[in-house]
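Handing you a structure now.
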Amino acid sequence: MERLDKILARRGAASRQAAQRLCRQGRVRVGGMVVRDPSQKVDGSLEVLVDGEAYEEAPLFAIYHKPVGVQSSMADNWGREDLQEVLPEAWQSVMHPVGRLDADTSGLLLFSSDGKLTQKLLHPKHEVPRVYEALVENPVDEARLRTTLAAGVETAEGVFSAGLLSVDGQTLRLEVSEGKYRMVRRILANSGHPVVKLHRVSYGGFELGNLEPGALRACEESEWEWLL
């Protein structure tokens, strides 16, 4: 059970203050009944309507398969393609991207509706693993590159390490536990292997799987319960 005004705000129906006004005006129905008291605690599983329009609960997390060329911001000041149209309208006021992928990188971009869990995912002290697939320039000496990445590679922003998971010709799969801007590209370039293509396949317990480019899906509890 939860306060009605809080449910309305979290579902993107209105701000907390506006939700209180809507309730007092008799414009909110819960389970078919008009509820005028915004502080009334209601069952969140019931249908909530504002002026006859349903507002469903935003998921805790959602996965988006970001294509190359899309900016990882909700609004881009230079008119480039961004994330503004990715989320359903009802989710837009309550969900935010978890970190960034640069425009040239494709793959898993996570959205969250919980600020504390977002910080847990992003903070380096938690060492949440991110796995990438990279197509690189120049033939790869697997043993040498694995040693180099594990020892740490110096970049303009500091020394960063990575785990080399597999090598297939010039396609690598590697794991990092930080999300510094263009970090994977920098450590590979400084290891003698500039990146041709970069694609993120997982973030902690979240897997991109076979989600089509440009598609979005809500996450199941089994995908994020490891965070709690």
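The values are calculated or read from the model by the stated rules, or taken from the named source; none is laboratory data. Fair warning: this is a prediction, and the values are worked out from it, not measured in the lab. Methodologically, a virtual Cβ is constructed for each residue, glycine included, from the backbone with ideal geometry; neighbour enumeration extends over all protein chains shown.
Results for (1) in contact with a helix residue (DSSP H, G or I) (Cβ under 6 Å, 6 or more places away or on another chain); (2) at pLDDT 95 or above; (3) not acidic (Asp, Glu), shown as yes or no for each residue.
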position	(1), (2), (3)
Val153	yes, yes, yes
Ala162	yes, yes, yes
Val167	yes, yes, yes
Leu174	no, yes, yes
Gly179	no, no, yes
Gly192	no, yes, yes
Leu208	no, yes, yes
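From the list Leu172, Leu165, Leu208, Leu198, pick out the single residue that is within 22 Å of Asp82 (Cβ to Cβ), of a type outside the set (D, E, K, R) and over 16 Å from the mean Cα position of the chain (by Cα).
When all the criteria are applied, what remains is Leu198.
Residue-wise test of (1) in a strand (DSSP E or B); (2) assigned by TED's automatic domain parsing to the domain that holds Thr148.
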| position | (1), (2) |
| --- | --- |
| Leu165 | yes, yes |
| Ser191 | no, yes |
| Leu211 | no, no |
| Arg217 | yes, no |
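Quick one: would you say Leu198 is in the same structural domain as Leu135 (by TED's automatic domain parsing), out of contact with any Gly (no Cβ under 9 Å at 6 or more places or on another chain) and either assigned to a strand (DSSP E or B) or more than 22 Å from His65 (Cβ to Cβ) (or both)?
Judged against the criteria, Leu198 is not a match.
If only one of Gln119, Gln84 is among the polar types (S, T, N, Q), closer than 20 Å to Ser202 by Cβ, outside the structural domain of Arg185 (by TED's automatic domain parsing) and loosely packed, with under 13 Cβ neighbours inside 10 Å, which one is it?
Gln119
Table: residues versus (1) modelled with pLDDT of 95 or more; (2) at negative phi.
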| residue | (1), (2) |
| --- | --- |
| Arg10 | no, yes |
| Ala18 | no, yes |
| Arg27 | yes, yes |
| Met33 | no, yes |
| Asp37 | yes, yes |
| Gly52 | no, no |
| Leu60 | no, yes |
| His65 | yes, yes |
| Glu85 | no, yes |
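Do you know which residues across segment 180-210 are farther than 24 Å from Asn138 by Cβ and touching a Lys or Arg at 6+ places or on another chain (Cβ under 6 Å)?
Tyr203
Ok, one more. If you check Glu154 against the conditions, is it out of contact with any strand residue (DSSP E or B) (no Cβ under 8 Å at 6 or more places or on another chain), in a strand (DSSP E or B) and either assigned by TED's automatic domain parsing to the domain that holds His199 or in contact (Cβ under 8 Å) with a residue 40 or more places away in the chain (or both)?
When the stated conditions are applied, Glu154 passes them.
Do you know which of the residues in segment 55-81 that are hydroxyl-bearing (Ser, Thr, Tyr) and in a loop (DSSP other than H, G, I, E, B) is surrounded by the fewest Cβ atoms within 10 Å (Cβ to Cβ)?
By that ranking, first place goes to Ser73.
Shifting gears a bit: For Arg173, are the conditions met, namely being closer than 21 Å to Leu101 by Cα, touching a residue at least 24 places away in the same chain (Cβ under 8 Å), in the same structural domain as Glu85 (by TED's automatic domain parsing) and in a strand (DSSP E or B)?
So Arg173 fails the test.
Scan Val136, Val140, Val131, Val98 and give me the residue that is closer than 19 Å to Ala218 by Cα and of a type in the set (A, V, I, L, M, F, W, C).
It is Val98.
Show the residue pairs meeting these rules: Cβ distance below 6 Å; 6+ apart or different chains; first residue within segment 1-18 and assigned to a helix (DSSP H, G or I); second residue of a type in the set (Asp, Glu) and crowded, with 22+ Cβ neighbours inside 10 Å.
Arg16/Asp5
Within segment 36-50, is there a residue that is under 15 Å from the mean Cα position of the chain (by Cα), among the polar types (S, T, N, Q) and surrounded by fewer than 20 Cβ atoms within 10 Å (Cβ to Cβ)?
no
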